[in-house]
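The values are calculated or read from the model by the stated rules, or taken from the named source; none is laboratory data. Note that the structure is a prediction, hence the values are computed from the model and not measured. Glycine also receives a Cβ, built like all others from the backbone with ideal geometry; neighbour counts cover every protein chain displayed.
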């Protein structure tokens, strides 16, 4: 097949390209300076034939640090200089050093076939077309003459036309070969050529989340961990469907080939030059502000892709070449290639130029124009800020501080809060006050940090409960069933009354202050001051109501902790995962394994979705911010004293039963929201039908009348068994049920996020319906 493009580069390299591959052929004359006697238009390379080429690369085939010898089998040591200065492409292909860039289908998963085997097969089958550059230079008559003088037979000649896998560096890409770009620089007799192909759909930043979590190859990992067919772990792996295995990253690779000719480099200079090439590629990515495809917020910039390869080739140095002397061909050894050196400038400029042009061609192919790409980038950036929220990482220990959110996330959060207030002011008949408070509080939860713990109402409730039960209540009340139950009822009513009345007085006070501030400025001579103060106090009153309501729920923190658990378990960091589980539940994680930790995370994710988000929203719709806060206080009472047995057996019974009562409706609504989320989720691993059936059948296994509904729905949706030994085993009757994995946590997180969105829309509609029907805001 004819090559679509053939490029001759100043270093003497020949680049041949078609839609399936690109081959970079290196010249035999490795130490290459332009001959002073060459023609003015000539690109001929003078100098002695080289011993070969040094290569340092991250290539799949013949990667690492290697030396390739390229002595011709047809040449002899008595050849004169004229015979050595013939065309660089006249030697047989088996003696050429080449870089083979092979295009794989976009559906290739990097596993089957194995990449090295795939490349070796492709290299072995490679045949050069009859109208290649070499044949064009010689002509058909010369070819016939050479064939007549060839000592080998026809089969040997065919073998010579194949790429030699021992002297070929093999790399792969899923990017189109139409993106191939070249750039050249030269100075002082040193030539630098760069060949780049670029795909960007697999963009990554350094330190981005991994896609593959096994350090060792699968076969070696199995040998190290044992292959006991009776072990439960292997049973789980065997029964797990293929879709639950880690997904391959999307296609996209930036392949960079750098050829330096004119002088050999020292070992240190080779490493420096390779580093310069990598940094120049990163600079080209930064020029377009390529976003990382796995960025936590969508605003991390990529420095390349997850499968980039770079190949640097330099002439082999003569054994006698040093920095202080020259070899027999008067070619010095370049000992430095740092950023202060001219060689680094040549490499950096050439790599950056070629990479920029290759990336630009890919962007235009994907988006149509550069302007559309930037529009898509900004849209993705803002959506990423909104969807991912403010908390990049939750520390394993609950008492450690949560890292602050980036400034861009904070600005977006405050901007959305102001938008919600603008809707409240400009369109009061479109959305009632309660709906705008709900919108603002939800965006606050997504993008802004929690209020300080010193003024957090739920934290204050927990503190009051702890102090009262330890210091104020006599011990004999806890020992008597009758006194304990009666005292528990009074304590429940007193605590609820204290915080509900306090919240009500707080809201009345801030609204009264807003009205008073407005009326106090009616007589003011300056109408602008009056208007400003009036709107300021209204905004402060509305914002304080938003803050009070926000303290009653937390969806973003819950989902962030679940994702952090998945990260720890994927990396086998079990101790960190055990510490993290304390954020979610009170279960003792000391002896829990990976499967138990994953199951505990999914159970807490689904149950806390009900207790921590859906239920507060439900009671907010019914009774306003005071109702939401009252629910949270009752829920805190249940978590502190609502235990079976022990000191609070009778004292906490009223709180536990009251918590069961107020969660009857929200728990079942949460299960329906999870099922609806699974129905609309594009994830094929989630089954809404199975989730509804499991929730209905297994809800009675839990001692709580409510916890089994959302947990059973989550177990059925994911097709996993959620078990607490001695108490319940949700989903045990699901066909081909298996234990939960970190991948299931990520799928469960996705479903929980969707369920939260569905619950938010339903709550928003309910606020509007309540206002339109009852006229109560």
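Overview of values
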| quantity | calculated |
| --- | --- |
| Residue 67, sole failed condition from (1) part of a helix (DSSP H, G or I); (2) under 20 Å from residue 24 (Cα atoms); (3) modelled with pLDDT of 85 or more | (1) |
| Residue 691 vs. criteria closer than 30 Å to residue 463 by Cα, touching a helix residue (DSSP H, G or I) at 6+ places or on another chain (Cβ under 7 Å) and buried (at least 17 other Cβ atoms within 10 Å of the Cβ) | no |
| Members of segment 435-472 that are touching a residue at least 60 places away in the same chain (Cβ under 8 Å) and farther than 30 Å from residue 381 by Cβ | 456, 457, 458, 461, 462, 465, 466, 469 |
| Every residue from segment 722-750 that is assigned to a loop (DSSP other than H, G, I, E, B) and within 32 Å of the chain's Cα centre (by Cα) | 731, 734, 736, 737, 739, 740, 741 |
| Single residue of segment 148-206 satisfying the filter (under 23 Å from residue 99 (Cβ atoms) and part of a helix (DSSP H, G or I)) that is modelled with the lowest pLDDT | 158 |
| Neighbours by Cβ (under 8 Å, 6+ apart or cross-chain): first from segment 402-418, modelled with pLDDT of 90 or more; second part of a loop (DSSP other than H, G, I, E, B) | 414/448; 417/448 |
| Per-region count, segment 759-777, residues surrounded by fewer than 16 Cβ atoms within 10 Å (Cβ to Cβ), in a helix (DSSP H, G or I) and in contact with a helix residue (DSSP H, G or I) (Cβ under 7 Å, 6 or more places away or on another chain) | 1 |
| Segments classed as helices (runs of 4 or more DSSP H), wholly inside segment 217-299, with at least 1 members that are touching a strand residue (DSSP E or B) at 6+ places or on another chain (Cβ under 7 Å), more than 30 Å from residue 108 (Cβ to Cβ) and modelled with pLDDT of 95 or more | 267-287 |
| Members of segment 1-41 that are more than 21 Å from residue 175 (Cα to Cα), assigned to a strand (DSSP E or B) and at pLDDT below 90 | 33 |
| Any hit, segment 625-638, residues being farther than 21 Å from residue 706 by Cα and assigned to a helix (DSSP H, G or I) | yes |
| Helices (runs of 4 or more DSSP H) fully within segment 648-721 counting 1 or more residues that are over 32 Å from the mean Cα position of the chain (by Cα), in contact (Cβ under 8 Å) with a residue 40 or more places away in the chain and more than 16 Å from residue 748 (Cβ to Cβ) | 653-662, 664-680 |
| Considering residues of segment 330-378 that are touching a helix residue (DSSP H, G or I) at 6+ places or on another chain (Cβ under 9 Å) and part of a loop (DSSP other than H, G, I, E, B) only, the residue surrounded by the most Cβ atoms within 10 Å (Cβ to Cβ) | 337 |
| Tally of residues being in a loop (DSSP other than H, G, I, E, B), modelled with pLDDT under 55 and surrounded by fewer than 19 Cβ atoms within 10 Å (Cβ to Cβ) across segment 42-64 | 3 |
| Filter result (without any contact (Cβ under 8 Å) to a residue 12 or more places away in the chain and not in a helix (DSSP H, G or I)) within segment 473-505 | 474 |
| Wholly enclosed helices (runs of 4 or more DSSP H) of segment 507-583 bearing at least 2 residues buried (at least 20 other Cβ atoms within 10 Å of the Cβ) and at pLDDT below 90 | 556-570, 574-581 |
| Condition check for residue 123: surrounded by 16 or more Cβ atoms within 10 Å (Cβ to Cβ), at pLDDT 50 or above and either more than 30 Å from residue 275 (Cβ to Cβ) or within 33 Å of the chain's Cα centre (by Cα) (or both) | no |
